[in-house]
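Reviewing the structure listed below.
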Amino acid sequence: MAFISGDEYVNRINQLKSEVWAGGRKVDGNISEHPFFHGVMKSQAELYDLQTDPQLKGVMVHKDKNLQQEIGTSYLIPRSQNDLKKRREMIQVWARHTAGLMGRSPDYMNTVLAAFASSVHLLKGQKNCFPENLFNFYKFAAENDLTFTHTFINPQKNRSSLACFDENSTNAHIVERISEGIIVKGAKLLATQGGITDEIIVFSAPGAMDASQAFAFSIPSNTKGLKFVCRRSFLGNGSANDSPLSSRFEEQDSVVIFDNVLVPWERVFFYDNIKVTDEFYIKSNFVPFTLHQIVTRQVVKTEFILGIAQTIVETINISEYQHVQSKVAEIIKGLECEKALLIQSEVQAKPDQHGVMVPDRFPLYVAVNLFQENYPRFAEIIQQLGASGMVNLPDEAQFQSVLGKDLEYYLQGFEVNGHERVKIFRLAHDLCMSSFGSRQTLYERFFFGDPIRLSQIIYQTYPLDKHVNMVKKFI
Ligand SMILES: Cc1cc2nc3c(=O)[nH]c(=O)nc-3n(C[C@H](O)[C@H](O)[C@H](O)COP(=O)(O)OP(=O)(O)OC[C@H]3O[C@@H](n4cnc5c(N)ncnc54)[C@H](O)[C@@H]3O)c2cc1C
């Protein structure tokens with residue numbers, strides 16, 4: 001069976017014993033029991049269990065004709081509008097389970113790998129490229145339902161346009177090409193979920209100036225010399241009552257260090273090729289497929305935020321005020337635009353020359369770029385509506401103490417007791433104000449790239465001619 005359960009995921013990751021550094025110490029023992037990872041691995045395991053739910057099988061599992069077996073739908077390379085719809089429905093099942101708060105639920109990277117695999121023809125005949133390695137690896141990953149983290153971007157040492165002349169680059173680069181493979185040394189900016197996945201896909205983002213920094217490969221997370229160095233945890237106090245979201249969905253981000261890591265040839269997709277590094281990212285199906293996954297998740301996350309906004313409105317009874325209605329309407333407008341753009345991308349999908357059904361990238365580019373602006377605004381609206389309620393939050397221990405009855409009474413809201421009211425506001429606080437919540441905002445702003453440069457790409461690639469011609473005709 002090519003799709004795994006939650007237990008299989010957890011056992012597999014525990015057995016890897018990858019080199020993960022958390023809180024100044026190397027993680028020892030089962031990583032799933034470490035406080036930094038316990039909650040998120042449990043949530044991820046729940047996602048895998050949904051794959052094995054007989055009632056969801058029609059959505060979560062796909063009988064793949066090419067691979068001649070059942071695979072997780074997130075690995076499906078769509079060949080029809082129905083396939084695209086099935087992918088969306090599958091992504092939404094997982095996103096609903098996490099309220100869209102796990103940006104790196106496994107479908108994200110599974111989609112990326114499927115997109116790369118559907119574009120291997122772009123590597124054929126190119127120097128230092130191994131399209132068959134990429135396709136075989138996709139098959140292997142789908143057949144074993146592997147989980148992935150990834151790292152694309154170089155460390156943030158020097159972002160000036162002259163950074164290429166920096167002689168002491170910290171960027172991961174190839175130091176040797178030997179009979180067994182390439183040897184990589186240096187660092188990559190970060191990998192969300194680094195250390196709790198089977199593999200890491202390493203892919204140079206476009207713009208590499210040195211051929212030694214232009215490569216793509218995948219290696220097991222426990223490869224010798226590979227280190228994941230975690231940031232401070234944003235778990236809150238770890239209690240599901242006090243930190244209802246971070247206790248479950250804190251995905252962790254880690255710097256990735258390559259200490260002379262050997263990447264075997266069969267895992268190298270391309271190397272020493274700046275042209276392919278620049279072109280594969282844009283010309284392959286990576287952008288449309290990945291954006292389709294992202295926007296699908298973001299729709300669910302916006303539904304959740306809208307729910308929280310309206311729950312706050314009802315809890316303190318502020319719906320009569322015109323500005324309150326406008327603020328909630330802002331979220332509604334954002335949601336309806338995202339939903340429309342997502343469906344538009346499917347309606348305008350076209351098969352490529354290899355029969356792969358590719359969603360239209362422009363509605364998706366627009367949706368994700370809009371969300372980069374809208375999401376921080378949504379978080380701000382929640383704060384504006386919640387006001388002092390966002391901080392007036394005694395923790396669960398206070399409610400369980402002798403003060404509990406007083407708190408129930410004095411912190412009551414409109415038609416809800418104090419305990420219920422505080423639970424609602426804890427959720428809002430964790431979403432928009434905790435360190436976990438602030439990271440969520442930063443994530444939505446940046447994880448698919450800098451919003452400024454994304455809007456530049458939209459401008460530079462959008463077919464503007466026909467609009468200019470329309471005006472010329474009119475004149
Ligand atoms: C929470 C989080 C999780 C992430 N997870 C992952 C992950 O799992 N894997 C992964 O590979 N990446 C991940 N990323 C990285 C993400 O792809 C980058 O943050 C994004 O591409 C922006 O790059 P940067 O952070 O280096 O910002 P920079 O490029 O350093 O930008 C910093 C500032 O300088 C400006 N700037 C820099 N260069 C230019 C330029 N050429 N033109 C105009 N303005 C410029 C930007 O507009 C911005 O204001 C994650 C990021 C975040 C915040």
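Descriptive notes on the structure:
- The one condition from (1) open to solvent by 20 Å² or more (accessible area, probe 1.4 Å); (2) part of a helix (DSSP H, G or I) that K127 does not meet is (2).
- Each residue in the range 344-357 was checked for being at negative phi and either within 20 Å of the chain's Cα centre (by Cα) or in a loop (DSSP other than H, G, I, E, B) (or both), and 7 of them qualify.
- Cβ-Cβ under 7 Å pairs, at least 6 apart or on other chains, the range 407-434 side open to solvent by 70 Å² or more (accessible area, probe 1.4 Å), far side among the basic types (K, R) and in a helix (DSSP H, G or I): Q412/R421
- Residues in the range 457-475 that are over 21 Å from F203 (Cβ atoms) and open to solvent by less than 90 Å² (accessible area, probe 1.4 Å): I458, P463, L464, H467, V468, N469, V471.
- Just so you know, in the range 101-156 the residues that are away from the ligand (no atom under 16 Å from the Cβ) and of a type in the set (D, E, K, R) include one that is farthest from A45 (Cα to Cα), and it is K127.
- Taken together, the residues in the range 202-217 that are of a type outside the set (S, T, N, Q) and more than 12 Å from the ligand (Cβ to nearest atom) amount to 8.
- I318 satisfies every condition listed in (1) among the β-branched types (V, I, T); (2) assigned to a loop (DSSP other than H, G, I, E, B); (3) under 19 Å from A114 (Cβ atoms) except (3).
- Scanning the range 157-191 for residues that are more than 13 Å from the ligand (Cβ to nearest atom) and part of a loop (DSSP other than H, G, I, E, B) yields D166, E167, N168, S169, S179, E180.
- Restricting the range 136-153 to residues that are in contact with a strand residue (DSSP E or B) (Cβ under 8 Å, 6 or more places away or on another chain) and open to solvent by 40 Å² or more (accessible area, probe 1.4 Å), the residue that is farthest from D7 (Cα to Cα): I153
- Every condition in (1) touching a residue at least 60 places away in the same chain (Cβ under 8 Å); (2) β-branched (V, I, T); (3) not in a strand (DSSP E or B) is met by I71 except one, and the failing one is (3).
- Flag: C164 matches the condition of being touching a residue at least 24 places away in the same chain (Cβ under 8 Å) and surrounded by fewer than 16 Cβ atoms within 10 Å (Cβ to Cβ).
- Remark: pairs (first residue in the range 93-122, without any contact (Cβ under 8 Å) to a residue 60 or more places away in the chain; second residue among the β-branched types (V, I, T) and outside any helix (DSSP H, G or I); Cβ separation under 8 Å; 6+ apart in sequence or on different chains) = A117/I77.
The values are calculated or read from the model by the stated rules, or taken from the named source; none is laboratory data. Since this is a predicted model, take the numbers as computed values, not measurements. We place every Cβ from the backbone using ideal geometry, glycine too, and count neighbours over all the protein chains shown. Ligands, DNA and RNA are excluded from the accessible area calculation, which covers all protein heavy atoms including side chains. Shrake-Rupley method; radii C 1.70, N 1.55, O 1.52, S 1.80 Å.
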